[in-house]
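Trainee: Below is the structure I would like to discuss, written out as structure tokens.
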Amino acid sequence: MHKLSRHSVNSILRNSGSRSLRNLAAPLSSSSQLQDQAGRDDSKSFKYSRRWYTTLNFDKCNTAGTKLLNSRNGLLYGNRYESTATASDSSEPPAEKFEYQAEVSRLMDLIVHSLYSNKEVFLRELISNASDALDKLRYLSVTEPGLLKDAVDLDIRIQADKDNGIITITDSGIGMTRQELVDCLGTIAQSGTAKFLKALKDSKEAGADNNLIGQFGVGFYSAFLVSDKVIVSSKSPKSDKQYVWEGEANASSYSIREETDTEKLLPRGTRLTLYLKRDDKGFAHPERVQKLVKNYSQFVSFPIYTWEEKGFTKEIEVDEDPSEAKKDGEDGKAEKKKKTKTVVEKYWDWELTNETKPIWLRTPKEVTTGEYNEFYKKTFNEYLDPLASSHFTTEGEVEFRSILFVPAVAPSGKDDIINPKTKNIKLYVKRVFISDDFDGELFPRYLSFVKGVVDSNDLPLNVSREILQESRIVRIMRKRLVRKAFDMILGISMSENREDYEKFWENFGKHLKIGCIEDRENHKRIAPLLRFFSSQSEEEMISLDEYVENMKPEQKDIYFIASDNLTSARNTPFLEKLVEKEFEVLFLVEPIDEVAIQNLKSYKEKNFVDISKEDLDLGDKNEEKEKEIKQEFAQTCDWIKKRLGEKVASVQISSRLSTSPCVLVSGKFGWSANMERLMRAQSMGDTTSLDFMRGRRVFEINPEHQIIKNLNAASKNNPDDQEALRAIDLLYDTALISSGFTPENPAELGGKIYEMMGVALSSKWTAPALEVQGHNSNTEWSGSGSGSSNKVAIEAEVIEPVQAGTQK
């Protein structure tokens with residue numbers, strides 16, 4: 001259908017004349033004539049509603065649904081109708097619906113080999129199914145106590161046969177009837193647990209147990225990760241018979257039969273028998289099974305027993321050697337004693353594997369400190385009590401329970417600080433272990449030392465229960481966990497026992513400094529926890545809060561100096577004026593300190609200021625006096641700058657010196673001397689960026705120092721004096737070292753120092769040496785045979801090196 005524009009219609013009307021206009025207006029006013037014409041054209045009965053008109057000016061136009069009314073002079077007049085009938089017969093054939101079909105063997109292969117990335121999770125899935133069966137029985141027995149009559153104990157038992165590669169998992173849960181075996185095991189992705197929970201929800205019964213684990217209906221098929229064949233024997237209290245389900249890997253069918261072997265009959269529950277593949281028979285070792293149970297199913301609410309080899313010692317008699325018996329017989333007086341030896345008697349028995357209880361499910365008031373410590377040691381294989389713990393429950397958009405711990409000591413390897421994957425947070429869903437391998441998702445890298453468990457009932461997991469799917473929920477969890485971790489650390493810092501936090505800082509202080517760099521959102525939480533030495537506290541570290549409290553009223557900023565050790569920081573010339581004013585200066589002696597402080601930028605509206613950089617404002621400027629000094633030493637500054645050339649950006653009058661003649665300060669936006677030293681030491685550093693990032697260096701002189709006064713006089717009286725120029729060079733090199741920089745040519749610096757020492761010492765001992773020399777020569781000529789003359793001659797030999805020095 002084409003709708004013409006207003007311009008096109010006007011053009012047609014102009015070309016057709018008034019006669020065409022009448023033909024366009026008159027016939028279209030009657031609808032009955034149109035309906036009769038439509039009835040003659042179509043055999044079926046339709047009702048039409050007139051919608052809009054089309055005027056076309058070409059010979060061939062037959063748009064569907066448009067009835068031609070008149071054709072004169074090539075002008076076609078038409079009317080568009082739309083059917084309003086809904087119950088009439090359609091000309092199209094009826095559509096046939098089909099259900100999706102699946103190649104069962106291929107689908108099974110995808111489920112087994114694509115959902116799970118780790119084979120060992122098969123035991124976790126099967127134990128979870130057994131736990132659900134026990135939970136269902138426990139719930140149903142409330143209204144039907146007769147369900148428990150056949151077997152009272154609710155437990156799970158796992159037996160491994162390493163010789164034959166067989167694992168047997170038996171539970172005393174609700175069991176399955178023949179039809180339930182077909183529905184639950186024969187129908188892929190149908191979850192009996194999910195169906196059970198839906199029935200509870202629909203019935204709206206109070207007290208419905210939402211701790212059931214299963215939800216996807218594919219956990220059972222994880223058995224085929226390691227098994228060639230699986231046999232399920234199940235006895236339901238609702239049925240008098242026990243049925244056996246049997247299936248094989250890569251098969252498209254299964255079989256169900258009635259159990260006829262009386263030795264294999266169960267009072268109630270289900271027994272799974274896994275016949276492991278050749279490459280996976282290592283899972284049948286009892287030690288391996290016990291380890292997997294403790295790792296994944298430690299906190300399942302039902303006892304899990306494993307078939308373990310045990311032993312006890314006993315004394316047994318030993319047959320005597322004939323030669324020793326004959327010797328004992330000859331000695332009649334000796335008392336005969338039976339010889340024994342200690343042996344270990346081995347036997348097999350059931351052992352409870354999941355002894356540790358999930359104490360996070362209890363309220364914090366019910367748990368003692370001893371229970372927290374015991375749980376921490378068993379769960380994380382630690383031998384020392386934690387420094388602190390935090391037990392909390394979070395409700396709202398995401399609900400979870402958690403217990404966090406701060407270890408007493410750092411791990412011996414000390415590699416967690418650079419490892420992006422945090423292994424210390426164990427994630428559980430309904431008490432079943434999911435993973436501890438998170439790439440910074442639940443906890444940031446700098447808090448990787450914090451250990452703990454997180455348990456939730458409704459986390460958005462993928463089918464394999466290995467991956468958290470919704471990043472928004474993970475971000476909420478991360479934010480709350482980090483907040484609780486900082487509250488716990490703050491509690492240690494506020495403890496009455498100061499040694500606790502000193503121990504924490506010694507082990508994990510660097511982690512928090514990394515947090516200053518990586519986590520800007522939590523700067524306000526990290527900053528109060530930092531500790532540093534200072535110019536007024538060299539023996540004991542102080543906090544930033546303590547520093548702010550000790551600030552002088554006229555002090556506006558927080559001052560710091562970065563160095564490689566306390567001695568260098570204490571003796572740096574940058575401190576001189578600040579010490580006189582009793583301004584406290586933080587000593588940043590760890591390599592990461594300077595970067596951490598630069599990322600913080602400020603604390604309690606006080607900016608961090610590096611006293612080794614230019615434009616240091618101590619709040620005591622006297623503009624008139626500074627102007628006079630600059631005028632007096634302007635020529636000297638230009639003279640020194642001309643001598644040093646590109647080594648320095650400028651020469652200025654210093655306001656930070658009191659006893660040193662000069663100092664070399666870094667540019668405001670470049671690296672400090674300490675940072676330059678660290679960057680040079682990087683094995684993988686880019687040396688091409690050193691010149692760029694080094695920035696400008698400013699040579700500051702102290703106008704009150706005698707050396708600078710002498711140079712000021714030299715610049716005015718004899719600026720070309722070579723000794724004065726060499727003094728400038730030596731002054732710069734000395735300032736380079738005292739300011740923390742590394743000289744580019746140490747040998748040249750050493751030569752300058754030796755030369756200056758030679759000049760300084762050349763006339764100090766020369767005159768006495770000449771006097772002794774003259775006295776010795778006179779004595780020798782006066783009389784060489786006397787004893788006194790011999791003594792003087794020996795003294796003359798002693799001062800021969802001095803005579804050589806005078807000849808120079």
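None of the figures in this text is laboratory data; all of them are computed from the coordinates on show. As the structure is a computational prediction, the values presented were derived from the model and not from experiment. Backbone-built Cβ (ideal geometry, glycine too); neighbour counts: all protein chains shown.
Trainee: Let me know the shape class of region 552-683, please: from the alpha-carbon gyration tensor, a ≥ b ≥ c as square roots of the eigenvalues, rounded when a/c is under 1.5, otherwise prolate if a/b is greater than b/c, or oblate. Before the final figure, lay out each step's value.
Mentor: On the way: a/c = 1.98, a/b = 1.27, b/c = 1.57.
Taking the square roots of the gyration eigenvalues as a ≥ b ≥ c, region 552-683 is oblate.
Trainee: Right, next: For region 365-374, just list the computed ³J(HN,Hα) in residue order, Karplus coefficients 6.51, -1.76 and 1.60, θ = phi - 60°, integers in Hz, with x standing in for Gly and Pro.
Mentor: 5, 7, 9, 8, 4, x, 5, 4, 4, 5
Trainee: So what's the Cα pair-distance distribution over region 337-404, bin width 10 Å, in %?
Mentor: 15, 34, 20, 13, 10, 5, 2, 1
Trainee: Using bins 5 angstrom wide from zero, how does P(r) for region 436-576 break down, in % of all Cα pairs?
Mentor: The distribution over region 436-576 is 2, 7, 15, 17, 16, 13, 10, 7, 5, 4, 2, 1, 0, 0, given as percents.
Trainee: Mind giving me the FRET efficiency for Asn250 and Val152? R0 is 41 Å, r the Cβ-Cβ distance, nearest 0.05 is fine. Present the calculation step by step, with values, prior to reporting the outcome.
Mentor: Numbers: r = 41 Å, r/R0 = 0.99.
After rounding to 0.05, the efficiency reads 0.50.
Trainee: Now, a different point. Let's test the formula: R0 of 30 Å, r as the Cβ-Cβ distance of Glu554 and Ser650. What FRET efficiency results, to the nearest 0.05?
Mentor: On the way: r = 28 Å, r/R0 = 0.94.
Here the calculated transfer efficiency is 0.60.
Trainee: Let me spell out the model: positive unit charges on the Cβ of Lys and Arg, negative unit charges on the Cβ of Asp and Glu, origin at the Cα centre of region 577-647. What dipole size does that give, in debye rounded to 20? If you can, show how the numbers build up before the last one.
Mentor: Working: 14 positive and 19 negative charges, 58 e Å.
In debye, rounded to 20, region 577-647 gives about 280.
Trainee: For labels at Glu632 and Lys479 in the simple 7 Å Cα→Cβ model, what's the distance in nm?
Mentor: With each label placed 7 Å out from Cα toward Cβ, I get 6.1 nm.
Trainee: Now a separate question. With r defined as the distance between the Cβ atoms of Glu744 and Glu366 and R0 fixed at 60 Å, what FRET efficiency is calculated, to the nearest 0.05?
Mentor: Working: r = 68 Å, r/R0 = 1.14.
Efficiency computed from Cβ-Cβ geometry: 0.30.
Trainee: Can you check what the net charge comes to around His285, using other residues whose Cβ is under 12 Å from the Cβ of His285 (Lys, Arg +1; Asp, Glu -1)? List each step's numbers first, then the result.
Mentor: Details: positive: Lys162, Lys281, Arg288, Lys291; negative: Asp161, Asp163, Asp280, Glu287, Glu308, Glu309.
Charge balance near His285 sits at -2.
Trainee: Need one word for region 570-618: rounded, prolate or oblate. Basis is the Cα gyration tensor (sqrt eigenvalues a ≥ b ≥ c); a/c below 1.5 gives rounded, then a/b vs b/c decides. Walk me through the numbers on the way to the answer.
Mentor: Working: a/c = 1.88, a/b = 1.33, b/c = 1.42.
Taking the square roots of the gyration eigenvalues as a ≥ b ≥ c, region 570-618 is oblate.
Trainee: Moving to a separate point now. Using θ = phi - 60° and the Karplus form 6.51 cos²θ - 1.76 cosθ + 1.60, what ³J(HN,Hα) does each residue of region 257-262 get, whole Hz, x for Gly and Pro?
Mentor: Coupling constants for region 257-262: 9, 8, 6, 10, 7, 5 Hz.
Trainee: Can I ask one more? Given H placed on each backbone N at 1.01 Å, which residues far from Ser227 in sequence or on other chains put an amide H within less than 5 Å of it?
Mentor: So Ser227 has HN proximity to Lys277.
Trainee: Determine the shape class of region 594-653: with a ≥ b ≥ c the square roots of the Cα gyration tensor eigenvalues, call it rounded for a/c under 1.5, and otherwise prolate if a/b is greater than b/c, oblate otherwise. Before the final figure, lay out the partial values.
Mentor: Working: a/c = 6.35, a/b = 1.65, b/c = 3.84.
It is oblate, given that a/c is not under 1.5 and a/b is not larger than b/c.
Trainee: Percentage of Cα-Cα pair distances in region 271-320 greater than 17 Å, rounded to whole percent? Show your work: numbers first, answer last.
Mentor: Details: 704 of 1225 pairs.
When every Cα pair of region 271-320 is considered, 57 percent fall beyond 17 Å.
Trainee: What's the extension gain from Glu521 to Asp279 if we count 0.36 nm per residue and subtract their Cα-Cα distance?
Mentor: 82.2 nm is the gain from fully extending Glu521 to Asp279.
Trainee: Continuing with the same structure: In nm, to one decimal, how far is the modelled label at Glu397 from the one at Glu315, with both set 7 Å along Cα→Cβ?
Mentor: Those two pseudo-labels are separated by 7.2 nm.
Trainee: Just how many % of Cα pairs in region 241-302 lie over 17 Å apart, if you round to the nearest whole percent?
Mentor: Values: 1167 of 1891 pairs.
Counting every Cα pair in region 241-302, those more than 17 Å apart make up 62 percent.
Trainee: Further, regarding this structure: Which residues' amide hydrogens lie under 5 Å from the amide hydrogen of Val585, considering only partners 5 or more residues apart or on another chain, with H built in the peptide plane?
Mentor: Here Ser535, Gln536 satisfy the definition.
Trainee: Roughly speaking, what is the stretch gain from Lys346 to Lys709, that is 0.36 nm per residue apart minus the C-alpha to C-alpha distance, in nm to one decimal? Write down the numbers at each step before the final one.
Mentor: Values: separation 363, 0.36 × 363 = 130.68 nm, distance 9.43 nm.
So the extension gain works out to 121.2 nm.
Trainee: Provide the packing ranking of 513-526, 705-718, i.e. peptides ordered by the mean count of other C-beta atoms within 10 Å per residue, highest first. Intermediate values should be presented prior to the final figure.
Mentor: Working: 513-526: 17.3, 705-718: 15.4.
Ranking the peptides 513-526, 705-718 by packing returns 513-526, 705-718.
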